[in-house]
Amino acid sequence: MAVIGFHATAAVYDRCLPGESCFPDDPVIINFGSSLDGKLLLPYMKEYSDVVLSRDMIWTKFPVGIVVAKTTQDVQKSVLFALKYNLLLSVSSSGHDFLGRSTAHGSLQISLANMTDTSINLTSTRNAAGEMTCESGNTWLKVYKEVSLLKDYYFKNTCVSMIHYPQRFT
């Protein structure tokens, strides 16, 4: 147990944080933000306050910037930027995490909340019932609503912590 705790803590201390000489300067950060299809929110922007507050309001932490990703390429660019400058990285999907794992002080946070595309393939060769692909910003409520529009389909809901597979009525 002590080794796991050490590694989790060491991950934060091994990163380059704001105020350290290794941290990218403002022009580098602004240039990175302008390369995105989405938006880079910084603490002085009004939108930052709206996004930084989690839905639960229990675990509010303050990342150095929030990438509101619009495309997969935004996510890739953000990860590469964090790797290049050894930044602490946090990821938020649909906007909450009851344990506060989706955010961290001083991190570059990637918000996937606007990535909500879905697609349904009823002629899948991998599953006779079909398959649904969802981007990470979707909530289960939206996914349930999308599937409920399909005739003769329902969700087999056995456990909220498990992935739900659509099943076809015969």
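The values are calculated or read from the model by the stated rules, or taken from the named source; none is laboratory data. Keep in mind that what you see is a predicted model, and the values were worked out from it rather than measured. Here Cβ is always computed from backbone atoms with ideal geometry, including for glycine, and neighbour counts include all displayed protein chains.
Could you tell me whether any residue of segment 52-64 is on the phi < 0 side of the Ramachandran plot, modelled with pLDDT under 90 and part of a helix (DSSP H, G or I)? Yes, there is a match, as at least one residue in segment 52-64 is on the phi < 0 side of the Ramachandran plot, modelled with pLDDT under 90 and part of a helix (DSSP H, G or I). The combined condition, being modelled with pLDDT of 95 or more and under 15 Å from Ser35 (Cα atoms), is fulfilled by Lys77. Within segment 13-36, residues that are outside any helix (DSSP H, G or I) sit with their Cβ atoms under 6 Å from residues that are among the polar types (S, T, N, Q), at 6+ positions apart or across chains, in these pairs: Arg15/Asn86; Cys16/Asn86. Taking every residue in segment 125-150 that is farther than 18 Å from Ser94 by Cα and pairing it with any residue that is among the small types (Gly, Ala, Ser) and surrounded by 12 or more Cβ atoms within 10 Å (Cβ to Cβ), at least 6 positions away or on another chain, the pairs with Cβ-Cβ distances below 7 Å are Gly130/Ser124; Glu131/Ser124.
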